[in-house]
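*Asks:* Let me begin by handing over the structure; questions about it come next.
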Amino acid sequence: MTMTLQRWGILGAGAWGTALVVAAQRAGREARLWTHRPEIAALIAARRENPDYLPGIALDPRIGASADLASIRDCDALLLAVPAQHLREVSERLAPLWPQGRPVVICAKGIEQSSGLTMTELLAQTLPGAPAAVLSGPTFAGEVAADLPSAATVAAADAALGQAIVEALATPRFRLYWSGDVTGVELGGAIKNVLAIACGIVIGRRLGDNARAALIARGLAEMMRFAVPRGAKPETLMGLSGLGDLVLTCSGRQSRNLSLGIALGEGKSLAEYQAGRRSVAEGIWTASALRAQAEAAGIDMPIAAAVDDILNRSAAIDAAVETLLSRPYRAED
C-alpha cells in the first residue's frame, strides 16, 4: 500500500504539540497547529513562537495556527497531542469533520480515568473509521523542538501505516522506529508517568540514588506484570517506549511527573503544585485508573498503589514509603 502523508494537522498547542509541529515542518511536511485557545493562535501568528508552552523556539512562518477545528479537515493525517483526559472531548468534536479512512496518531500518554480505557480504545469509540497509531518514547518537547538527537516508536496494527508515518516524520535527529505492538507502546508510556511521580517523591524526600534506582527497576517489573498479560511484548517494554521513556521521565528534571513528585516529596500539596500551572502531569489521573485495573485483575503493583494513595487517598508520604519498605521479602521477578 502506498500512502502519501504530506499535510499534517497537530491537535494541541501545548509543549509537545508545538514541538511536533516543528518536527513535522522540519521533515518537509506542511504542518498546521490547532489550539482550543484563540489567544494562543493569535500569539503564534504575531510572534512566531508559543511563549506560554515552548518559549524560545522560533516557529516557521509557514506553520499555521488556528482555534478553528475545521482548519485541519483537509490534512492527510493528524497528530493528537491533547492531554489524555481531554482526548475524548476533542475526538468527539473531530468526528463529524474528519474523513473516514484518514489516519490519526495518538501522542498522549495516559489511561482515561473515568473509563479505564487506553487512548486507542477510546479512539475506537469516538473515531471508529480512523486508522490509529501511537507515537511514544523518551522525548522531552524542548529537545525535539531544538533538534537535539531523539528517538521514539510509532506503533500501528497496520505495518504499512506505521512505516508511512515513520517515513513522513522521521529525520536524522528525530529517529523513529515502527512497531506492531500498540498495547506495549501505549501502556509503557502511560505507566511510566505514575512511576516518575514515585521517583520524584524519592528525590524530594532525599531518600538517595540507591532508592531511586531500585524504584526504577521494580517499577519496570510492575509495568511488565500489568502489560504483558494484556498482550504487550516484553521486548517492547524494554525498548524506547518502555524502559527508555521510564529512565528519561524518572531522571530528567524537565519531566512534569517527576517535578510533581519532587514537590510532593518536599512537602507541597497537590493543589499547591498545580496552582497556576498550564502543563499537565498525566500520572495524576492514570494512577487511579491503573490501580483499579491492577486490583481487579489481581496484579501486584505496590508502587502504583502507593502513588495513588498519596495523590488521591490523602495518604501521608512517610507512611506510604514505610509500607513499601515493610513488604515481605520475596524472590525477584
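*Asks:* Can you tell me which residue in the range 11-35 is farthest from Leu135 (Cα to Cα), limited to those that are polar (S, T, N, Q) and buried (at least 24 other Cβ atoms within 10 Å of the Cβ)?
*Replies:* Our first condition is that a residue be polar (S, T, N, Q); within the range 11-35, this holds for 18, 25, 35.
Then keep just the ones that are buried (at least 24 other Cβ atoms within 10 Å of the Cβ); that gives 18, 35.
Numbers: Thr18: 15, Thr35: 20 Å.
Among residues in the range 11-35 that are polar (S, T, N, Q) and buried (at least 24 other Cβ atoms within 10 Å of the Cβ), the one farthest from Leu135 (Cα to Cα) is Thr35.
*Asks:* Now a separate question. Please state which of the following conditions Lys233 fails to meet, knowing it meets all the rest: (1) open to solvent by less than 20 Å² (accessible area, probe 1.4 Å); (2) farther than 19 Å from Gly110 by Cβ; (3) not small (Gly, Ala, Ser).
*Replies:* (1)
*Asks:* Right, something else. So which helices (runs of 4 or more DSSP H) stay within the range 216-314 end to end and still have 2 or more residues that are more than 18 Å from Gly200 (Cα to Cα)? Give the derivation first.
*Replies:* Values: elements: 234-237, 245-249, 256-265, 270-274, 283-297, 302-312.
The helices (runs of 4 or more DSSP H) meeting that bar are 234-237, 283-297.
*Asks:* Can you find a residue in the range 172-184 that is surrounded by fewer than 20 Cβ atoms within 10 Å (Cβ to Cβ) and without any contact (Cβ under 8 Å) to a residue 24 or more places away in the chain?
*Replies:* yes
*Asks:* With the checklist (1) farther than 24 Å from Ser136 by Cα; (2) at pLDDT 95 or above in hand, flag the one item Ala46 doesn't pass.
*Replies:* Among (1) farther than 24 Å from Ser136 by Cα; (2) at pLDDT 95 or above, Ala46 violates only (2).
*Asks:* Does any residue of the range 129-143 turn out to be in a strand (DSSP E or B) and either polar (S, T, N, Q) or exposed (fewer than 15 other Cβ atoms within 10 Å of the Cβ) (or both)?
*Replies:* We begin by selecting, within the range 129-143, every residue in a strand (DSSP E or B); these are 132-136.
Within this subset, residues satisfying the condition of being either polar (S, T, N, Q) or exposed (fewer than 15 other Cβ atoms within 10 Å of the Cβ) (or both) are 136.
There is at least one residue in the range 129-143 that is in a strand (DSSP E or B) and either polar (S, T, N, Q) or exposed (fewer than 15 other Cβ atoms within 10 Å of the Cβ) (or both).
*Asks:* I've got another one for you. From the list Ala168, Ala190, Ala124, pick out the single residue that is among the aliphatic types (A, V, I, L, M), open to solvent by 20 Å² or more (accessible area, probe 1.4 Å) and part of a helix (DSSP H, G or I). Steps first, please.
*Replies:* Numbers: Ala168 fails: open to solvent by 20 Å² or more (accessible area, probe 1.4 Å); Ala190 fails: open to solvent by 20 Å² or more (accessible area, probe 1.4 Å).
Going through Ala168, Ala190, Ala124 in turn, just one is among the aliphatic types (A, V, I, L, M), open to solvent by 20 Å² or more (accessible area, probe 1.4 Å) and part of a helix (DSSP H, G or I): Ala124.
*Asks:* Quick one: Arg330 ticks every box in (1) part of a loop (DSSP other than H, G, I, E, B); (2) among the charged types (D, E, K, R); (3) crowded, with 16+ Cβ neighbours inside 10 Å bar one, so which box is it?
*Replies:* Status for Arg330: all satisfied but (3).
*Asks:* Same structure, new question: Any residue in the range 34-56 that's free of Cβ contacts under 8 Å to residues at least 24 places away in the same chain: show its pairings with residues that are open to solvent by 50 Å² or more (accessible area, probe 1.4 Å) and outside any helix (DSSP H, G or I) at Cβ separation under 7 Å, as long as the two are six or more apart or on different chains.
*Replies:* Arg48/Ala58; Arg48/Pro61; Glu49/Pro55; Glu49/Ala58
*Asks:* Of all residues being exposed (fewer than 15 other Cβ atoms within 10 Å of the Cβ) and aliphatic (A, V, I, L, M) in the range 249-281, which is farthest from Val307 (Cα to Cα)? Just the residue, please.
*Replies:* Ala275
*Asks:* Quick check on my filter: what residues within the range 205-230 are under 21 Å from Ile317 (Cβ atoms), open to solvent by 60 Å² or more (accessible area, probe 1.4 Å) and in contact (Cβ under 8 Å) with a residue 60 or more places away in the chain?
*Replies:* Matches in the range 205-230: Arg205, Leu207, Arg218.
The values are calculated or read from the model by the stated rules, or taken from the named source; none is laboratory data. In this text, all values refer to a predicted model and were calculated from it rather than measured experimentally. Note that we place each Cβ from the backbone using ideal geometry, even for glycine, and neighbour counts take in every protein chain shown. Areas reflect the complete protein model, heavy atoms only, side chains present, ligands, DNA and RNA absent. Shrake-Rupley method; radii C 1.70, N 1.55, O 1.52, S 1.80 Å.
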